[in-house]
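Some notes on the structure that comes next.
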Amino acid sequence: MTDPIERLRTADEDCREAESAVAEYGQTTVERVADAHERATDLLDRYEGRATGTGDFEAFVTFQGEFADLVEALPEDLPERETFERAEEIVDRRRIAERHFEQAREELAAAGEVAALLDERRAARERYRDARRAVTRRKVELDDRIADLERVGELGDADLSAPVERLREPIAAYDDAVATAFAEFKRETPAREVVAFLAATENYPLVSFRSPPEDLREYVLDADAGTETIPDLLEYARYSRSKLDHYVDDPAELKRCVGTNETYLDRLDAEPLAVGWPPAPATELQWWCEEAVRVVDRFAPPDVVERLHDVAALARDEEEFERLRAAARARDELTDEERRRLERGEIAAELERTREERDRLTSALEEYPDR
């Protein structure tokens with residue numbers, strides 16, 4: 001694989017050469033040569049089939065006149081002006097053959113090289129930008145790899161013999177309890193109260209319940225069917241309209257507001273109120289528990305709230321919590337291969353190499369700025 005820095009260095013050299021070639025003449029001058037070359041070759045292309053041999057005499061005369069006018073109008077100091085003059089001499093004859101058109105094009109080749117300098121500079125700049133983007137992409141890849149290696153190294157420092165059950169058991173007890181309590185709340189409580197509860201959680205941004213869709217919210221808060229439970233509403237939404245007439249006043253409205261939101265209602269569970277495993281850092285968990293207690297207290301029995309208080313108490317002893325959390329993360333996240341590589345020192349060695357390569361790329365991006 002080509003070294004992206006070497007590719008960028010080469011692209012920079014090519015770019016400088018292309019820019020220098022244009023600067024030698026001046027961009028305006030190169031543009032004038034390019035314009036003259038384009039007009040001359042256009043005349044050759046347009047008249048080659050009509051002005052040769054004993055063909056169209058009017059086209060022959062027009063071609064020679066236009067070509068002579070073009071050359072005569074060129075500035076005296078225009079680079080490669082003599083190539084246009086020689087091309088004119090070739091086609092300024094009583095009869096023109098196809099070979100004369102080809103000879104004229106050959107004479108114009110030197111002017112064509114000057115005219116091509118702008119395209120060559122444009123292509124060189126694009127190659128430079130591509131090369132620089134490749135360096136940037138590689139740097140991003142290395143940044144991600146460094147973050148992963150640092151994570152593995154950090155986990156490798158954990159005390160794998162630490163008694164993580166001191167965290168796991170209270171957290172699992174709370175998560176199970178809140179899941180059961182919320183399932184019962186969703187199953188037994190009128191949909192109107194559940195939606196009102198979900199709307200109220202919008203005041204607690206750390207508890208990430210998805211807000212009820214507006215049409216569903218309005219329907220269950222206003223319609224008589226809002227006194228039904230969510231399971232009942234979902235069952236009604238699957239009825240035919242004729243059958244649904246026996247249960248609600250406006251079957252079409254129920255199907256529109258409930259039926260189109262079945263996925264939202266089906267997936268509604270206590271996941272936003274679960275601590276999860278491994279838990280968040282101690283400080284983050286303390287803030288989350290403060291909000292979660294207020295939310296859980298709205299629907300769950302006191303023993304569930306108490307279990308959440310137990311979790312919050314664990315997080316207040318930050319030093320011990322982080323020691324156990326680090327061990328929990330290491331057990332949960334490190335693969336057997338990563339553990340072996342840590343023991344052999346391979347993770348540290350790779351991290352050092354990767355940082356060095358990332359630093360070289362960073363220096364290259366500073367040395368070769370955007371063009």
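Read-outs: derived from the displayed coordinates by stated rules, not from any lab. Small disclaimer: the values here were computed from a predicted structure and weren't measured. Cβ atoms come from the backbone with ideal geometry, glycine included; neighbour counts cover every protein chain shown.
Tabulated results
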{"item": "Förster radius 56 Å - calculated FRET efficiency between Arg267 and Glu320 (Cβ-Cβ, nearest 0.05)", "result": "0.95"}
{"item": "Those residues of region 248-262 whose amide nitrogen sits under 11 Å from the label point placed on Asp232, 7 Å along Cα→Cβ", "result": "248"}
{"item": "Contour excess over end-to-end distance, with Cα ends at Asp224 and Asp130 and 0.36 nm allotted per residue", "result": "27.5 nm"}
{"item": "Charge dipole (debye, nearest 20) of the chain; +1 at Cβ of Lys and Arg, -1 at Cβ of Asp and Glu", "result": "620 debye"}
{"item": "Dimensionless Rg/Rh of region 292-371 - Kirkwood Rh, Rg from C-alpha atoms", "result": "1.31"}
{"item": "Sparse-neighbourhood loop sites, chymotrypsin sites (Phe, Trp or Tyr not before Pro) in region 152-222 - DSSP loop, at most 10 other Cβ within 10 angstrom", "result": "none"}
{"item": "Sum of -39500 (n - 2.57) over DSSP H runs of 4+, divided by residues of the chain (222 nm, nearest 500)", "result": "-24000 deg cm²/dmol"}
{"item": "Inter-label distance, nm, simple model (7 Å from Cα along the C-beta direction), Ala147/Glu102", "result": "6.3 nm"}
{"item": "Two-decimal Rg to Rh for the chain - Kirkwood Rh, Cα set", "result": "1.33"}
{"item": "Projected label distance in nm at Arg187 and Asp370, using a 7 Å step from Cα toward the beta-carbon", "result": "5.8 nm"}
{"item": "Extended-chain gain in nm, criterion 0.36 nm per residue less alpha-carbon gap, Asp310 and Arg344", "result": "8.2 nm"}
{"item": "Efficiency of FRET from Cβ geometry, Thr335 and Thr62, R₀ 56 Å, rounded to 0.05", "result": "0.10"}
{"item": "All-pairs alpha carbon distance profile, region 165-332, 10 Å steps from 0, percent", "result": "10, 35, 26, 17, 9, 3, 0"}
{"item": "Separation of the Ala280 and Arg137 label points, Cα + 7 Å toward Cβ, nm", "result": "3.6 nm"}
{"item": "Cross-link partners of Lys186 among lysines (Cα-Cα below 20 Å; sequence separation of 8 or more within a chain)", "result": "Lys255"}
{"item": "Per-pair calculated FRET efficiency, R0 = 51 Å: Asp303 and Asp157 via Cβ, rounded to 0.05", "result": "0.85"}
{"item": "Unit charges at the beta carbon, dipole of region 37-172: most positive-side option, Leu43, Val164, Ala110", "result": "Val164"}
{"item": "Whole-number Å³ per residue for the convex hull built on Cα positions in region 247-338", "result": "161 Å³"}
